[in-house]
Amino acid sequence: MTYFITFACYGSHLHGDETGSVDRHRNRYGSPGLPADPQRVSVERRKMCQLPYLLDCHSRALVLNSLRETCLHYSWILLAAHVRTNHVHIVVEADVPPEKAMHAFKSYASRALNRLEPEPPARKRWARHGSTRWLWKDQHVREAITYVIEEQGEPMAVFLAEEPSY
């Protein structure tokens, strides 16, 4: 099965932010996201127990490499990935539910980052969950890859399979 997985860095993308967000009630493919809500952003910011976590150039490259290592370890096929300053997009073929794949990606990335820059054991690097979308049709896979590679602004740490299998 092919999935479009997105997860954010801890505290970097709060519900109600003007850049747009989704929550568990508004996360259907093609549906509108949450409206901007400064009050909700303020409430969520007060709930945070740590400062937001962001990825610099070196850590983005490290995370991208860890995504590839995760796929090699589990024999998944990485079709596209883009590691940004505050979030990660992945299009992957995997034989497990997308939530398990996302957990594996976050775990591998955290271990790689811990080797680079040890943080206190309780440091939160990733938001609690993320977005996991099933891509049922080849057209949806192509659209997701295009979004990940071409529609994120200035390219940061990017991977595109040489011959995608879609």
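When you filter the GluC sites (Glu not before Pro) in region 59-166 for DSSP loop state and at most 12 other Cβ atoms inside 10 Å of their Cβ, you are left with GLU151, GLU162. Assign one of three labels to region 40-128, namely rounded, prolate or oblate, based on the Cα gyration tensor with a ≥ b ≥ c the square roots of its eigenvalues; rounded applies when a/c is under 1.5, prolate when it is not and a/b is larger than b/c, and oblate otherwise. It is prolate, given that a/c is not under 1.5 and a/b is the larger ratio. Just to confirm a number: summing +1 for Lys and Arg and -1 for Asp and Glu over residues other than PRO118 whose beta-carbon lies under 14 angstrom from that of PRO118, what do you get? Neighbourhood net charge equals +2. In straight-distance terms, cross-link reach from LYS47 covers every one of the lysines whose alpha-carbon lies under 26 Å from its own, apart from those fewer than eight places away in the same chain; here that gives LYS106, LYS124. Karplus-derived 3J(HN,Hα) values for region 65-80, using 6.51 cos²θ - 1.76 cosθ + 1.60 with θ = phi - 60°, are 4, 5, 5, 5, 4, 4, 5, 4, 4, 9, 6, 8, 10, 7, 8, 7 Hz; glycine and proline are entered as x. Rounded to the nearest 0.05, the FRET efficiency derived from the C-beta distance between GLU143 and SER75 at R0 = 22 Å is 0.30. Could you list the trypsin sites (Lys or Arg not before Pro) in region 72-166 that lie in coil according to DSSP, counting only those with at most 11 other Cβ atoms within 10 Å of their Cβ? For trypsin sites (Lys or Arg not before Pro) across region 72-166 that sit outside H, G, I, E and B with at most 11 neighbouring Cβ atoms in 10 Å, the list reads ARG128, LYS137. Between amide H atoms placed 1.01 Å from N, distances below 5 Å from ALA80 occur with VAL91, ALA161, all of them 5 or more places distant or on a separate chain. Each of ASN86 and ALA122 was given a label point 7 Å from its Cα along the Cα-to-Cβ line. The distance between the two points is 2.5 nm.
Laboratory data are not the source of any read-out in this text; all were calculated from the coordinates shown. Keep in mind that what you see is a predicted model, and the values were worked out from it rather than measured. Methodologically, a virtual Cβ is constructed for each residue, glycine included, from the backbone with ideal geometry; neighbour enumeration extends over all protein chains shown.
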